[in-house]
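Only one structure is covered here, and it is reproduced in the block below.
What follows draws every value from the coordinates through simple rules; no lab data is involved. Quick caveat: nothing in here was measured; it's all calculated off a predicted structure. Note that we place each Cβ from the backbone using ideal geometry, even for glycine, and neighbour counts take in every protein chain shown.
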Amino acid sequence: MQVRTFLLPFLCAWLCSATTAQAQMADVPNFDENGDFITARVRGNRGTYPHRQWLVIEPDRTGLNCRNSNGDIVVTLAYGAVVDSAFHSDDAISRINGSPWLKVNANVLDVRHIVVNEAAVNYTCYVRANNQYITPINPDTQ
């Protein structure tokens, strides 16, 4: 009987600590007051990490314009397409003409319409980094 009462506080402490510990969910990039994403990196407990997947939420039936480095539309991306950020140097978001643009890799299955005359399996292009057009996908919710 004494052994049980002796172990009870340790057992309770172990069970209580096990139930209060929870896994941390991954964070996603935040947007500013204009809806613009400033970076495709998220802060973690060991620095910043690249955020990879984004969902196209542009409701326009014609799709989301994806442009080359000259600003020409290459393809339009379909609503619901999942694209991957294409990191160059330190970030996948660049400021072009004062606005943030996300460089993405899009699969041909993500494309609603090909604008250029060359068909490809993958396209690397830029979309406006704004929450009206794209949203980050939290990897912990998949």
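How many times 2.2 N^0.38 Å is the alpha carbon radius of gyration of the range 26-141? List each step's numbers first, then the result.
Values: Rg = 13.6 Å, N = 116, 2.2 N^0.38 = 13.4 Å.
For the range 26-141, the normalised Cα radius of gyration is 1.01.
Size of the dipole of the range 26-141 about the Cα centre, Lys and Arg at +1 and Asp and Glu at -1 on the beta carbon, nothing else charged, in debye to 20? Kindly include the intermediate steps, with their values, before the conclusion.
Values: 10 positive and 13 negative charges, 24 e Å.
Using Cβ point charges on Lys, Arg, Asp and Glu, the range 26-141 gives about 120 debye.
So the label point goes 7 Å from the Cα of Tyr79 along Cα→C-beta, right? Which residues of the range 108-142 then have their backbone N under 13 Å from it?
Within reach of a label on Tyr79: 133.
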